[in-house]
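Student: Can you read through this structure? Questions will come right after.
The values are calculated or read from the model by the stated rules, or taken from the named source; none is laboratory data. All of these numbers come straight from a predicted model, not from anything done at the bench. Virtual Cβ from ideal backbone geometry, glycine too; neighbours counted across all protein chains shown. Quick note on the areas: whole protein, heavy atoms, side chains included, nothing else; ligands and nucleic acids left out. Shrake-Rupley method; radii C 1.70, N 1.55, O 1.52, S 1.80 Å.
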Amino acid sequence: GALVGSASTILMRKYRDLGVFEMQAWIAMFSWPVLLVFSAGFEGAPWPLIAGADWRVWPAIVFTAFASNLVAHAGMYYLLKRYEASLTAPLSLLTPVITAGLSVSFLGDILSWRMFLGGLITLSGVLIISIRQSHLEEELLPEAEKSEGR
């Protein structure tokens, strides 16, 4: 997932004239056959699971399809087209931390030392990227702007 997400980030930056929904359509066109093969290979036939699914599963699937895939990914691609990846990367890096927090809050999961350590590592990565980005901006800022306080 991280590899495909990284590739789509690079492609979105490269093809600036490609719309966010067009990008999602291309990704979907190439990903569904791969997902179908791996799903069938690892999970077996899905039909008994689909037939026996609880009614609460379907709203979750609809939410995932529309809110996560259409809205969230389109928003991220929109940001990637307008801003450098180093500015948008912390948003995606915080996803596991936010997910763990929501899992503890709403599902009653227990915050283990492994979850805490993973969150700490993620936040450290965000901090490193932010510090690096601010240093790069300071180095690239012309002297005249520095003296004006910009």
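Student: Could you report the accessible area of residue 117 in Å², rounded to 10, computed with a 1.4 Å probe on the protein chains as they sit in the structure?
Tutor: Number for this one is 80 Å².
Student: Within the stretch 69-101, what residues put their amide N at less than 14 Å from the label point 7 Å along the Cα-to-Cβ vector of residue 26?
Tutor: In the stretch 69-101, the label zone of residue 26 (backbone N under 14 Å from the point 7 Å along Cα→Cβ) covers 77-78, 81.
Student: Take the Cα atoms of the stretch 54-95, find their three principal axes, and give me the spread along each one in whole Å, biggest first.
Tutor: Sorted largest first, the three principal extents are 42, 18, 6 Å.
Student: Please compute, over every Cα-Cα pair in the stretch 78-121, the percentage with a separation greater than 16 angstrom. Walk me through the intermediate numbers first.
Tutor: Numbers: 442 of 946 pairs.
Percent of Cα pairs beyond 16 Å in the stretch 78-121: 47.
Student: Considering only protein heavy atoms and a probe of 1.4 Å, how much of the accessible area of the stretch 77-116 is carbon and sulfur, as a whole percent?
Tutor: On the way: 2080 of 2980 Å².
Answer for the stretch 77-116 is 70 percent, counting heavy atoms of protein chains only.
Student: Right, next: Restricting to Cα atoms and excluding each atom paired with itself, what does the Kirkwood estimate give for the stretch 1-120 in Å? Don't jump to the answer; show the numbers that get you there.
Tutor: Values: mean 1/r = 0.0591 Å⁻¹.
Answer for the stretch 1-120: a Kirkwood hydrodynamic radius of 16.9 Å.
Student: Round to a whole angstrom and tell me the spacing of the C-alpha centers of the stretch 56-121 and the stretch 1-49.
Tutor: Centre-to-centre distance over Cα atoms comes out at 17 Å.
Student: Rolling a 1.4 angstrom probe over the protein heavy atoms, how many square angstrom per residue are accessible across the stretch 1-134? Mind showing how you got there, number by number?
Tutor: Working: 10130 Å² over 134 residues.
Ligands and nucleic acids excluded, the figure is 76 Å² per residue.
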